[in-house]
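Note sheet for the following structure.
The values are calculated or read from the model by the stated rules, or taken from the named source; none is laboratory data. What you are looking at is a predicted structure, and each value in this text was computed from that prediction instead of being measured. FYI the Cβ positions are ideal-geometry reconstructions off the backbone, even for glycines, and counts take in every protein chain you see. For the accessible areas, the whole protein counts, side chains as well, though only heavy atoms, and no ligand, DNA or RNA atoms are used. Shrake-Rupley method; radii C 1.70, N 1.55, O 1.52, S 1.80 Å.
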Amino acid sequence: MSHKLIDLTHISKSFDGQMVLDDMNLYIRENEFLTLLGPSGCGKTTTLRIIGGFEHPDSGQVIFDGKDITNLAPNKRQLNTVFQRYALFPHMNIAENIAFGLKIKKKSKAYIQDKIKYALKLVNLEGFENRMPDSLSGGQQQRIAIARAIVNEPKVLLLDEPLGALDLKLRQDMQYELIRLKNELGITFVYVTHDQEEALTMSDTIVVMNQGYIQQIGTPEDIYNEPKNAFVADFIGDSNILDGLMIKDRLVNILGTDFPCVDTGFGQNRPVDVVIRPEDVELAQPGGGLLDGVVTHLIFKGVHYEMEVTASGFEWLVHSTGMYPVGTPVGIRVDPFNIQIMEKPQSKDEEAAASDEQ
């Protein structure tokens with residue numbers, strides 16, 4: 001594996017007595033696309049700003065390539081930041097916007113011209129040198145902001161919800177652009193978003209945060225298929241989250257019915273959280289499953305139908321390519337392999353902290 005480029009150790013940060021980050025430990029590898037994902041107020045932007053030098057941690061260290069940079073000014077760090085508000089200089093044309101950082105570094109005219117051409121080509125905006133920012137679309141402005149960051153050859157690009165202001169189609173195009181840029185440039189990307197789909201599409205590693213704690217770190221596949229707790233499961237995609245009782249290894253009682261599962265090691269008659277993805281709930285003829293229910297909602301989603309099925313007093317969310325009209329009685333089946341069992345946290349604090357182990 002490539003080596004650790006950034007190492008955050010025991011980082012804590014409060015604003016007005018409100019703890020935003022609590023003893024956070026996280027490392028980022030060279031050439032990694034790492035996404036900080038979580039709801040607003042979870043501490044992800046603060047983490048990014050601490051890496052960038054725009055905020056100081058109350059305690060802890062920021063190590064960059066083996067050196068302590070905790071107290072280093074932002075412009076002395078080998079990184080560049082792209083914010084959600086692109087902040088292009090309105091009175092400068094595109095070439096001048098891109099050249100801004102290079103002029104400060106006193107690079108030669110020829111070097112700067114080469115770099116502008118190279119950066120515009122990378123973001124597919126060749127020939128835009130003399131345009132003014134207000135003549136560009138939001139997506140084009142965002143690409144110029146990225147070009148402006150790239151020409152400084154940072155080791156790390158910090159991106160704070162950079163696609164948040166774009167419409168869906170454009171956001172998807174930009175996601176592919178960013179993946180391509182990362183592969184072409186060999187730069188480490190640290191990306192902040194609250195958009196799960198964006199995180200799953202683009203990242204090598206996802207860090208799911210909540211209330212200043214890291215809930216889980218893993219690949220998109222790990223996070224989606226093996227969530228550590230109910231918060232992660234619910235935040236990444238839709239889930240059915242139910243109270244269960246682990247009767248014994250490989251058998252869990254949900255809503256008064258015993259379901260075979262594959263999990264072991266939870267003890268006997270232990271309360272647990274059970275997570276079942278909507279695409280893993282199979283509908284059958286009444287009596288053909290473990291529970292019987294009735295379809296109460298139906299929406300066509302393009303690839304599949306999204307249904308709600310009320311069974312044993314619970315609203316099950318179901319994704320299926322088969323269509324069952326509202327009012328249809330159905331049986332519910334779940335493959336034992338698709339039932340995820342999780343420890344129930346003991347308290348709210350423990351709930352946040354339980355998962356803060358990397």
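What a 1.4 Å probe finds exposed on region 64-117 is 57% carbon and sulfur by accessible area, rounded to a whole percent.
Counting only DSSP beta bridges whose two residues both lie in region 154-219, roughly 50 percent are antiparallel. Each label point was placed 7 Å from the Cα along the Cα-to-Cβ direction; for Asp204 and Asp167 their separation is 3.5 nm. With a 1.4 Å probe and all protein chains left in place, how much of the accessible area of region 262-310 comes from carbon and sulfur atoms, in whole percent? Whole-percent figure for carbon plus sulfur exposure: 53.
Taking each pair of different alpha-carbon atoms in region 212-358 once, compute 1/r for the pair, average those values, and report the inverse of that mean as the Kirkwood hydrodynamic radius in Å to one decimal.
16.1
Calculated mean residue ellipticity at 222 nm for the chain: -7500 deg cm²/dmol, from DSSP H runs with n ≥ 4 weighted as -39500 (n - 2.57), summed, divided by the residue count and rounded to 500. For the chain, the longest principal axis of the C-alpha atoms and the axis of helix 138-150 are separated by about 60°. The packing ranking of peptides 143-156, 324-337, highest mean first, is 143-156, 324-337, where packing means the average number of other beta carbon atoms within 10 angstrom of each residue. Per residue, the accessible area of the chain comes to 48 Å², computed with a 1.4 Å probe over protein heavy atoms only.
Give me the base-10 log of I(q)/I(0) for the chain at each q in 0.07, 0.08, 0.11 Å⁻¹, Debye formula, one uniform scatterer per Cα, rounded to two decimals. With no solvent term, the Cα-only Debye profile gives -0.40, -0.51, -0.84.
Full extension of the chain segment joining Ile299 with Lys117 gains 60.7 nm, where the gain is 0.36 nm per residue of separation less the Cα-Cα distance.
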